[in-house]
1. Test each condition in (1) surrounded by fewer than 17 Cβ atoms within 10 Å (Cβ to Cβ); (2) on the phi > 0 side of the Ramachandran plot for Glu38 and report the one that comes out false.
2. Quick one: which of Gly44, Gly29, Gly106, Gly78 is at pLDDT below 90 and either more than 25 Å from Cys192 (Cβ to Cβ) or open to solvent by 20 Å² or more (accessible area, probe 1.4 Å) (or both)?
3. Which residue out of Tyr104, Tyr71, Tyr57 is hydroxyl-bearing (Ser, Thr, Tyr) and closer than 21 Å to Ser180 by Cβ?
4. I want to confirm something. Restricting to segment 1-26 and keeping residues that are of a type in the set (Asp, Glu) and within 23 Å of Ser120 (Cβ to Cβ), which single residue is most open to solvent (accessible area, probe 1.4 Å)?
5. Quick check on my filter: what residues within segment 26-51 are out of contact with any helix residue (DSSP H, G or I) (no Cβ under 7 Å at 6 or more places or on another chain) and either among the hydrophobic types (A, V, I, L, M, F, W, C) or free of Cβ contacts under 8 Å to residues at least 40 places away in the same chain (or both)?
6. Which pairs have Cβ atoms under 7 Å, sit 6 or more apart or on different chains, and link a residue in segment 62-90 that is touching a residue at least 60 places away in the same chain (Cβ under 8 Å) and within 13 Å of Val137 (Cβ to Cβ) to one that is in a loop (DSSP other than H, G, I, E, B) and open to solvent by 20 Å² or more (accessible area, probe 1.4 Å)?
7. If I filter segment 131-159 down to residues being part of a loop (DSSP other than H, G, I, E, B) and of a type in the set (D, E, K, R), which single residue comes out as most open to solvent (accessible area, probe 1.4 Å)?
8. Only one of these conditions is not met by Ser120: (1) open to solvent by 40 Å² or more (accessible area, probe 1.4 Å); (2) closer than 30 Å to Tyr201 by Cβ; (3) under 18 Å from the mean Cα position of the chain (by Cα); (4) among the hydroxyl-bearing types (Ser, Thr, Tyr). Which number is it?
Amino acid sequence: MKREEKNALSRQRILEAAMQEFSERGYEGASLNTVCSEHSISKGIIYHYFRDKDELYLLCVELCFDSITRYLKEATEGLGGTAEQRLGAYFDARLRFFAENPLYLGIFADAAFHPPAALSAEIGKRRAEFDALNISVLTELLNGEPLRECLSVPAIVEDFRMYMDYFNMRFKAAFSEDRSAESILREHEERCHRQLHILLYGVLGDHYES
């Protein structure tokens, strides 16, 4: 085996072990000592390829957000139907991604809902494309629908981003409860979908339109 291939395999082995550790325990609970003991990896080898725990965590976060962004782009390309159907397909794709990639769920939840303060700016850079995709999906949907005269697409999108900031903070607190990450994420996705539905259609029945 060539030296380059051996280095690539060693680095990938460390990364996979770290992915499992961060997914199960989050940044705060994760330990490189645990990675070493549970996966028979020496700490010296880890530090040969990675500077520290922060670098490993940020790489896992980057892989997570790059993967989900790519998945969602492919899953929603060329979607048709009503605005509600397209929204439903988008959120279904998000849940399907985590069902197919369970290790990414814990990392996504940790980075999205309670990121380590010292790494928040770096995490923001690594999730920027994912955030931009969420906004573009909503913007494209709104651009294809008639709006009330007093409203504009940029204003609606900005308000929705503020709503999502609030809900993300709310679900950050939910992770201190004795619940699974899967149930918390599903509830979060359902709430996002419901808020988008309210954003598009309001809360009153059709007979109030007159």
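1. (2)
2. On the way: Gly44 fails: at pLDDT below 90; Gly29 fails: at pLDDT below 90; Gly106 fails: either more than 25 Å from Cys192 (Cβ to Cβ) or open to solvent by 20 Å² or more (accessible area, probe 1.4 Å) (or both).
When all the criteria are applied, what remains is Gly78.
3. Details: Tyr71 fails: closer than 21 Å to Ser180 by Cβ; Tyr57 fails: closer than 21 Å to Ser180 by Cβ.
Checking each option against the conditions leaves just Tyr104.
4. As a first pass, look at segment 1-26 and keep what is of a type in the set (Asp, Glu): 4-5, 16, 21, 24.
The next check asks that each one be within 23 Å of Ser120 (Cβ to Cβ); those that pass are 21, 24.
Values: Glu21: 8, Glu24: 114 Å².
Per the criteria, the residue is Glu24.
5. First, the residues of segment 26-51 that are out of contact with any helix residue (DSSP H, G or I) (no Cβ under 7 Å at 6 or more places or on another chain): 28-29, 31, 33, 37-38, 40, 44, 47-48, 51.
Of everything in segment 26-51, those that are out of contact with any helix residue (DSSP H, G or I) (no Cβ under 7 Å at 6 or more places or on another chain) and either among the hydrophobic types (A, V, I, L, M, F, W, C) or free of Cβ contacts under 8 Å to residues at least 40 places away in the same chain (or both) turn out to be Gly29, Ser31, Asn33, Ser37, Glu38, Ser40, Gly44, Tyr47, His48, Arg51.
6. The qualifying pairs are Ala83/Glu145.
7. If we filter segment 131-159 for residues that are part of a loop (DSSP other than H, G, I, E, B), which is where we start, we get 144-152.
In the following step, the residues that additionally are of a type in the set (D, E, K, R) were identified as 145, 148-149.
Values: Glu145: 72, Arg148: 167, Glu149: 191 Å².
Looking at residues that are part of a loop (DSSP other than H, G, I, E, B) and of a type in the set (D, E, K, R), I get Glu149.
8. (2)
The values are calculated or read from the model by the stated rules, or taken from the named source; none is laboratory data. Not measured: the values here are computed from a predicted model. In this analysis, Cβ positions are derived from the backbone assuming ideal geometry, glycine residues included, and neighbour counts consider all displayed protein chains. Each accessible area value is taken on the protein alone, full model and side chains, heavy atoms only, with ligands, DNA and RNA left out. Shrake-Rupley method; radii C 1.70, N 1.55, O 1.52, S 1.80 Å.
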